[in-house]
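This report concerns only the one structure given below.
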Amino acid sequence: MIVFDLSCSEGHRFEGWFGSSNDFARQKEQGLLECPTCGCDAIGKAPMAPAVPSKRETGGGEAASPTAQMATGEMPKAVKQALATLAKAQAKALESSTWVGDKFAEKAREMHYGEADETPIHGRATRDEAEEMVAEGIAVAPLLVPVAPPDELN
């Protein structure tokens with residue numbers, strides 16, 4: 001895992017965790033990145049200060065602290081385990097759900113207004129679509145771990 005400082009075109013800074021630089025590039029290309037503050041999808045890497053470990057962190061053969069690990073892009077073991085557990089639980093929950101892609105808002109509204117049978121679905125929605133659905137009383141929640149569409153390789 002690698003941690004990047006990211007920023008949107010509106011100047012908001014935030015952190016993103018990726019499997020690799022290629023993973024960041026793929027998610028950006030597919031429009032999967034969004035500013036958590038304003039919802040903007042014009043995202044880029046923000047300048048980062050290099051992580052220079054102290055003598056204490058590199059000496060004695062001891063494992064680096066979690067802070068030092070994150071500064072160098074290495075994810076602490078406890079965080080890896082927690083994310084793996086979360087990803088497994090989410091995958092289990094999605095087993096009975098149908099991927100509807102970019103038609104999520106449309107399909108959710110059809111079910112909410114009785115135009116289609118209610119069934120578990122997951123897909124993509126913009127921040128505006130999600131806010132509109134919540135305002136209409138439609139229960140929606142973001143997935144905590146990004147999910148690739150079924151026709152794409154993970």
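Only the coordinates and a few stated rules stand behind these numbers; no lab work does. On a predicted model such as this, the values are computed, not experimentally measured, just so you know. As a convention, Cβ positions derive from the backbone with ideal geometry for all residues, glycine included, and neighbour counts pool all protein chains shown.
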Test of understanding: what is the full-extension gain from N22 to T126, defined as 0.36 nm times their sequence separation minus their Cα-Cα distance?
35.1 nm
Could you give the dipole magnitude of the range 75-119 about its Cα centre, charging the beta-carbon of Lys and Arg +1 and that of Asp and Glu -1, in debye to the nearest 20?
560 debye
Please compare each pair in K45/K80; K28/K80; K45/K103 to a cut-off of 26 Å on the Cα-Cα distance and tell me which ones are over it.
K45/K103
Quick calc: nm separation of the 7 Å Cα→Cβ label points for L86 and I2 -> 2.1 nm
